[in-house]
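Readers should treat all values here as calculations from the given coordinates under stated rules, not as data from a laboratory. Values in this document were obtained by computation on a predicted structure and should not be read as measured data. Don't worry about glycine lacking a Cβ; one is built from the backbone with ideal geometry, like all the others, and counts go over all protein chains shown.
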Amino acid sequence: MQHKPTVTGTLSPGGTALPAVQWTDGVLITPLIPALAPFLAATRVPLWCPDAVPSWFVHQAAGDKTMYALWVPSAHWTARTAAYAAKHGAGRVYSIEHEAWLEYDLPAALAPFILAVGSETWRPAGTIAIDWANHEYDADAHFGGDVAAMQARYACRATRTVALAMLAVVPPLEGNGYARALLDFAESGWAWRVGFKGCEGWEAKGENVVKRITLATELANERNVKMYETKRGYARTGVAPMEWGEAVFFAKEYVDRVE
């Protein structure tokens, strides 16, 4: 992985200084700090688990999760959201969870959040998280009491296993490679090998803290399953029953790509 330049922007509202890594041309990635909680909650409305957002920040404050936001240039964000509204109708967004259109003005909910870096401004377009500890699954309920299987399939410090979670791109910005950029970032080791210096909770955690990267998705989501297996190099490690269906777990060994 080539050197990635870091910059510091000013977040509105609030005026908080926020460090960012210029991951690719046209993409910044920042820590997802508590000031961005309304942004995160808004992105979850058409997806799933908006009620879980407060608990995610609790886990992050405890050091068990680190969350990140992806930002794109304001002009691109504005053009894409306008095109989405022109095609589907203003104030509407498609909900994956409900498999239906919602009367919800997502661009309006996200519009207040702006990151100013020099003379340029950026808007939030996606999220991802790295789970360092498991707060999602229960050995008895989901793994038949097999603690070792749970530790191998999801986040566990004892086995040096992290889990990727909260991968999402807001619907108007889909189809631009932003999900791939988020996965590349989370899988690269940058977060724990380099980190956001001076940003409490997001500093580097060391060179040898991760051995395996895991994730889970809905078994019925054939597109995600195919992507992880054929494009991202993950192998299936099992299936677990959930309240909403079946979750399928994937894993791959971490390969150090930090230079």
Legend entry - Cross-link table Lys65/Lys231; Lys4/Lys252; Lys197/Lys252; Lys4/Lys87, entries beyond 32 Å C-alpha to C-alpha: Lys4/Lys87
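Would you mind computing Rg(Cα) / (2.2 N^0.38 Å) for segment 102-191, counting N as its residues?
Normalised Cα radius of gyration, segment 102-191: 1.44.
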Legend entry - ³J(HN,Hα), Karplus 6.51/-1.76/1.60, whole Hz, each residue of segment 214-230, x for Gly, Pro: 10, 6, 9, 8, 6, 4, 6, 7, 5, 5, 5, 4, 5, 4, 5, 7, 9
Legend entry - Full-stretch length increase - Trp48, Lys197 - with 0.36 nm per residue and alpha-carbon distance subtracted: 50.5 nm
Legend entry - Structure-based [θ]222 nm, the chain - -39500 (n - 2.57) summed over DSSP H runs of at least 4, per residue, nearest 500: -7000 deg cm²/dmol
Inset, instruction - Post the alpha-carbon centroid distance, segment 208-259 to segment 65-89, in whole angstrom. - result: 26 Å
Inset, instruction - Take the alpha carbon gyration tensor of segment 150-232, find the square roots of its eigenvalues, order them as a ≥ b ≥ c, and report rounded if a/c is under 1.5; if not, report prolate when a/b exceeds b/c, else oblate. - result: oblate
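What's the FRET efficiency of Ala86 with Thr230 using the Cβ-Cβ distance as r and R₀ = 51 Å, to the nearest 0.05?
0.90
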Inset, instruction - With a cut-off of at most 16 other beta carbons within 10 Å, and DSSP calling the residue loop, which GluC sites (Glu not before Pro) in segment 206-247 qualify? Please list them. - result: Glu207, Glu243
Legend entry - Longest DSSP-loop-exposure-free segment, trypsin sites (Lys or Arg not before Pro), the chain, at most 11 other Cβ within 10 Å: 1-196
Legend entry - Convex hull (Cα only) mean projected area of the chain, reported in nm² to one decimal: 13.3 nm²
Inset, instruction - Quick one: which residues, 5+ away or cross-chain, put their amide H under 5 Å from the amide H of Val27? H built at 1.01 Å from N. - result: none
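Could you tell me the relative contact order of segment 1-142? Use alpha-carbon pairs under 8 Å, at least six residues apart, and round to a whole percent.
Relative contact order, segment 1-142: 28 percent.
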